[in-house]
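First up is the structure itself, then whatever we jot down about it.
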Amino acid sequence: MSVTVGRNDALLIVDVQRDFLPGGNLGVPEGDAVVPVLNRYIAAARAKGLPIFASRDWHPRNHCSFKAQGGPWPEHCVAGTPGAAFAEGLQLPSDARIIDKATRVEADAYSAFSGTALAGELRRRGVQRLLVGGLATDYCVLSTVRDARREGFEVFLLKDAIRAVNVNPGDGERAEREMRDAGAVAATYEELAA
Ligand code: VGL
Ligand code: ZN
(Lines give C-alpha, C1' and ligand atoms only; values in the text may rest on other atoms or scores of the structure.)
(Ligands and ions follow the chains in the order given, each with its own letter.)
Protein backbone atom coordinates (compact mmCIF):
# COMPACT_ATOMS: atom_id res chain seq x y z
CA MET A 1 0.00 0.00 0.00
CA SER A 2 1.16 3.46 -0.70
CA VAL A 3 -0.90 6.34 0.60
CA THR A 4 -0.23 9.97 1.06
CA VAL A 5 -1.02 11.29 4.48
CA GLY A 6 -1.66 14.98 4.52
CA ARG A 7 -4.47 17.46 4.12
CA ASN A 8 -7.72 16.46 5.87
CA ASP A 9 -5.96 13.86 8.02
CA ALA A 10 -5.55 13.97 11.80
CA LEU A 11 -3.80 11.81 14.37
CA LEU A 12 -5.95 10.50 17.24
CA ILE A 13 -4.10 8.93 20.17
CA VAL A 14 -6.40 6.97 22.47
CA ASP A 15 -5.79 6.73 26.23
CA VAL A 16 -2.01 6.37 26.38
CA GLN A 17 -2.01 6.89 30.14
CA ARG A 18 0.17 5.55 32.91
CA ASP A 19 -2.51 3.31 34.43
CA PHE A 20 -2.72 1.44 31.11
CA LEU A 21 1.01 0.72 30.98
CA PRO A 22 2.60 -2.37 32.58
CA GLY A 23 2.75 -1.69 36.34
CA GLY A 24 -0.25 0.62 36.17
CA ASN A 25 -3.59 -0.09 37.87
CA LEU A 26 -5.02 -1.53 34.64
CA GLY A 27 -1.81 -2.39 32.85
CA VAL A 28 -2.15 -3.51 29.24
CA PRO A 29 0.47 -6.13 28.31
CA GLU A 30 3.20 -4.38 26.28
CA GLY A 31 1.19 -1.16 26.47
CA ASP A 32 4.44 0.78 26.80
CA ALA A 33 5.51 -0.46 23.37
CA VAL A 34 3.12 1.95 21.67
CA VAL A 35 4.89 5.04 23.03
CA PRO A 36 8.00 5.17 20.78
CA VAL A 37 5.92 4.24 17.75
CA LEU A 38 3.36 6.94 18.48
CA ASN A 39 6.20 9.41 18.88
CA ARG A 40 7.17 8.72 15.27
CA TYR A 41 3.58 9.32 14.16
CA ILE A 42 3.50 12.52 16.22
CA ALA A 43 6.69 13.78 14.60
CA ALA A 44 5.34 12.95 11.12
CA ALA A 45 2.00 14.62 11.86
CA ARG A 46 3.76 17.73 13.14
CA ALA A 47 6.01 17.87 10.09
CA LYS A 48 2.92 17.85 7.88
CA GLY A 49 0.99 20.30 10.07
CA LEU A 50 -1.77 17.79 10.88
CA PRO A 51 -3.89 18.27 13.99
CA ILE A 52 -3.17 15.91 16.87
CA PHE A 53 -5.88 14.77 19.26
CA ALA A 54 -5.27 12.74 22.43
CA SER A 55 -8.06 11.22 24.50
CA ARG A 56 -7.87 10.54 28.21
CA ASP A 57 -9.92 8.16 30.33
CA TRP A 58 -10.79 10.67 33.04
CA HIS A 59 -12.88 9.11 35.77
CA PRO A 60 -14.26 10.52 39.01
CA ARG A 61 -13.03 8.67 42.11
CA ASN A 62 -16.23 6.66 42.62
CA HIS A 63 -16.75 5.81 38.94
CA CYS A 64 -19.28 3.08 38.12
CA SER A 65 -16.72 1.04 36.15
CA PHE A 66 -14.64 0.40 39.30
CA LYS A 67 -14.97 -2.92 41.16
CA ALA A 68 -15.77 -1.10 44.40
CA GLN A 69 -18.91 0.26 42.68
CA GLY A 70 -19.81 -3.11 41.15
CA GLY A 71 -18.03 -2.47 37.85
CA PRO A 72 -15.59 -4.69 35.93
CA TRP A 73 -12.31 -2.81 36.38
CA PRO A 74 -9.85 -1.95 39.13
CA GLU A 75 -9.76 1.74 39.96
CA HIS A 76 -7.89 3.48 37.15
CA CYS A 77 -7.39 6.87 35.51
CA VAL A 78 -8.92 8.89 38.31
CA ALA A 79 -8.92 12.49 37.05
CA GLY A 80 -5.87 14.43 38.11
CA THR A 81 -3.99 11.49 39.65
CA PRO A 82 -0.56 10.33 38.41
CA GLY A 83 -2.15 7.19 36.93
CA ALA A 84 -4.33 9.34 34.68
CA ALA A 85 -1.37 11.28 33.29
CA PHE A 86 -0.18 10.62 29.77
CA ALA A 87 2.61 8.07 29.51
CA GLU A 88 5.97 9.49 30.39
CA GLY A 89 7.89 9.83 27.17
CA LEU A 90 4.84 10.40 24.98
CA GLN A 91 5.89 13.50 23.06
CA LEU A 92 2.58 15.26 22.75
CA PRO A 93 2.99 18.78 21.40
CA SER A 94 1.62 21.58 23.57
CA ASP A 95 -1.07 22.34 20.99
CA ALA A 96 -2.41 18.78 20.94
CA ARG A 97 -6.14 18.82 21.64
CA ILE A 98 -6.94 16.77 24.73
CA ILE A 99 -10.31 15.01 24.88
CA ASP A 100 -11.47 13.89 28.34
CA LYS A 101 -14.03 11.09 28.38
CA ALA A 102 -15.98 8.95 30.84
CA THR A 103 -15.98 11.86 33.25
CA ARG A 104 -19.40 11.16 34.79
CA VAL A 105 -19.91 8.84 37.77
CA GLU A 106 -22.95 7.05 36.38
CA ALA A 107 -21.75 6.15 32.89
CA ASP A 108 -18.72 4.48 31.36
CA ALA A 109 -17.62 5.55 27.89
CA TYR A 110 -14.95 3.71 25.96
CA SER A 111 -15.18 5.83 22.82
CA ALA A 112 -13.41 9.18 22.50
CA PHE A 113 -16.55 10.35 20.66
CA SER A 114 -18.90 9.44 23.50
CA GLY A 115 -20.16 12.55 25.28
CA THR A 116 -17.30 14.68 23.90
CA ALA A 117 -16.96 17.46 21.34
CA LEU A 118 -14.58 15.40 19.20
CA ALA A 119 -16.76 14.82 16.11
CA GLY A 120 -17.70 18.49 15.87
CA GLU A 121 -14.11 19.65 16.28
CA LEU A 122 -12.88 17.28 13.61
CA ARG A 123 -15.52 18.50 11.16
CA ARG A 124 -14.84 22.11 11.99
CA ARG A 125 -11.20 21.56 11.13
CA GLY A 126 -12.04 19.79 7.89
CA VAL A 127 -10.74 16.43 9.03
CA GLN A 128 -11.99 13.53 6.92
CA ARG A 129 -9.58 10.78 7.85
CA LEU A 130 -8.20 9.69 11.22
CA LEU A 131 -5.02 7.82 12.06
CA VAL A 132 -5.92 5.99 15.25
CA GLY A 133 -3.57 4.32 17.73
CA GLY A 134 -3.33 3.80 21.48
CA LEU A 135 -4.82 1.67 24.23
CA ALA A 136 -6.55 -0.62 24.50
CA THR A 137 -7.25 -2.31 21.15
CA ASP A 138 -10.21 -4.32 22.49
CA TYR A 139 -11.90 -1.50 24.43
CA CYS A 140 -11.32 2.17 23.82
CA VAL A 141 -9.59 1.88 20.44
CA LEU A 142 -12.32 -0.46 19.16
CA SER A 143 -15.13 1.70 20.43
CA THR A 144 -13.52 4.89 19.11
CA VAL A 145 -12.97 3.41 15.64
CA ARG A 146 -16.55 2.11 15.51
CA ASP A 147 -17.86 5.59 16.29
CA ALA A 148 -15.43 7.25 13.88
CA ARG A 149 -16.79 5.09 11.07
CA ARG A 150 -20.39 5.77 12.12
CA GLU A 151 -19.62 9.48 12.11
CA GLY A 152 -18.37 9.13 8.54
CA PHE A 153 -14.61 9.45 9.04
CA GLU A 154 -12.17 7.28 7.17
CA VAL A 155 -9.85 5.43 9.53
CA PHE A 156 -6.32 4.14 9.36
CA LEU A 157 -5.84 1.78 12.28
CA LEU A 158 -2.20 2.09 13.34
CA LYS A 159 -1.46 -1.61 13.77
CA ASP A 160 2.00 -1.04 15.21
CA ALA A 161 0.71 1.45 17.82
CA ILE A 162 -2.07 -0.51 19.54
CA ARG A 163 -2.09 -3.22 22.24
CA ALA A 164 -4.93 -5.26 23.71
CA VAL A 165 -5.99 -6.13 27.26
CA ASN A 166 -7.06 -9.63 26.13
CA VAL A 167 -9.29 -10.41 29.13
CA ASN A 168 -10.27 -13.38 26.94
CA PRO A 169 -7.57 -14.75 24.64
CA GLY A 170 -8.09 -13.45 21.11
CA ASP A 171 -10.04 -10.32 22.10
CA GLY A 172 -7.46 -8.08 20.44
CA GLU A 173 -7.52 -10.00 17.17
CA ARG A 174 -11.32 -10.07 17.15
CA ALA A 175 -11.37 -6.33 17.76
CA GLU A 176 -8.97 -5.72 14.85
CA ARG A 177 -11.16 -7.84 12.59
CA GLU A 178 -14.27 -5.95 13.65
CA MET A 179 -12.57 -2.62 12.94
CA ARG A 180 -11.50 -3.79 9.49
CA ASP A 181 -15.03 -5.07 8.83
CA ALA A 182 -16.28 -1.60 9.77
CA GLY A 183 -14.05 -0.17 7.05
CA ALA A 184 -10.91 0.77 8.97
CA VAL A 185 -7.71 0.17 7.00
CA ALA A 186 -4.87 -1.36 8.99
CA ALA A 187 -1.53 0.36 8.36
CA THR A 188 1.95 0.58 9.78
CA TYR A 189 4.34 3.51 10.00
CA GLU A 190 6.42 2.21 7.10
CA GLU A 191 3.34 1.86 4.90
CA LEU A 192 2.07 5.35 5.66
CA ALA A 193 5.49 6.94 5.33
CA ALA A 194 6.10 5.32 1.94
C1 VGL B 1 -10.17 1.37 28.85
C2 VGL B 1 -10.93 -0.29 30.25
C3 VGL B 1 -11.48 0.65 31.10
C4 VGL B 1 -9.41 1.75 27.61
C5 VGL B 1 -10.72 2.32 29.68
O6 VGL B 1 -8.90 2.89 27.53
O7 VGL B 1 -9.31 0.90 26.69
N8 VGL B 1 -10.28 0.07 29.13
N9 VGL B 1 -11.37 1.95 30.80
ZN1 ZN C 1 -11.89 3.45 32.20
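Looking at the structure I just gave you, is residue 73 within 16 Å of the chain's Cα centre (by Cα), open to solvent by 20 Å² or more (accessible area, probe 1.4 Å) and closer than 21 Å to residue 107 by Cα? So residue 73 fails the test. Can you give me the number of residues within region 1-24 that are at pLDDT 95 or above and either surrounded by fewer than 19 Cβ atoms within 10 Å (Cβ to Cβ) or touching a Lys or Arg at 6+ places or on another chain (Cβ under 8 Å) (or both)? Residues meeting the conditions: 8.
Only one of the numbered conditions (1) at positive phi; (2) not in a loop (DSSP other than H, G, I, E, B) is not met by residue 83, and that is (1).
All of 157, 142, 131 fail the test of being free of Cβ contacts under 8 Å to residues at least 60 places away in the same chain, closer than 19 Å to residue 185 by Cα and assigned to a strand (DSSP E or B), apart from 157.
For residue 46, the criteria (1) within 15 Å of ligand 1 (Cβ to nearest atom); (2) open to solvent by 50 Å² or more (accessible area, probe 1.4 Å); (3) on the phi < 0 side of the Ramachandran plot hold in every case but one, which is (1).
Scanning region 159-174 for residues that are under 25 Å from residue 193 (Cβ atoms) and within 15 Å of ligand 1 (Cβ to nearest atom) yields 161, 162, 163, 164, 172. Report whether or not residue 137 is under 16 Å from residue 176 (Cβ atoms) and within 16 Å of ligand 2 (Cβ to nearest atom). Yes; evaluated as a whole, the condition is true for this residue.
Put simply, of 88, 106 the only residue that is assigned to a loop (DSSP other than H, G, I, E, B), acidic (Asp, Glu) and over 18 Å from the mean Cα position of the chain (by Cα) is 106.
Within 16 Å of ligand 2 (Cβ to nearest atom), surrounded by fewer than 17 Cβ atoms within 10 Å (Cβ to Cβ) and in contact (Cβ under 8 Å) with a residue 24 or more places away in the chain: which single residue out of 106, 151 fits that description? Before you say what the answer is, go through the steps one by one.
Numbers: 151 fails: within 16 Å of ligand 2 (Cβ to nearest atom).
The unique qualifying residue is 106.
Pairing each residue of region 64-91 that is among the polar types (S, T, N, Q) with any residue that is modelled with pLDDT under 95 and open to solvent by 50 Å² or more (accessible area, probe 1.4 Å), provided the two are 6+ apart or on different chains, yields no C-beta distance under 8 Å.
Given the structure, is residue 122 buried (at least 19 other Cβ atoms within 10 Å of the Cβ), away from ligand 1 (no atom under 12 Å from the Cβ) and touching a residue at least 12 places away in the same chain (Cβ under 8 Å)?
The answer is yes for residue 122.
When residue 167 is tested against the conditions (1) open to solvent by 70 Å² or more (accessible area, probe 1.4 Å); (2) at pLDDT below 95; (3) out of contact with any Ser or Thr (no Cβ under 6 Å at 6 or more places or on another chain), the lone failure is (2).
The values are calculated or read from the model by the stated rules, or taken from the named source; none is laboratory data. Note that the structure is a prediction, hence the values are computed from the model and not measured. Backbone-built Cβ (ideal geometry, glycine too); neighbour counts: all protein chains shown. These accessible areas exclude ligands, DNA and RNA; they are computed on the full protein's heavy atoms, side chains included. Shrake-Rupley method; radii C 1.70, N 1.55, O 1.52, S 1.80 Å.
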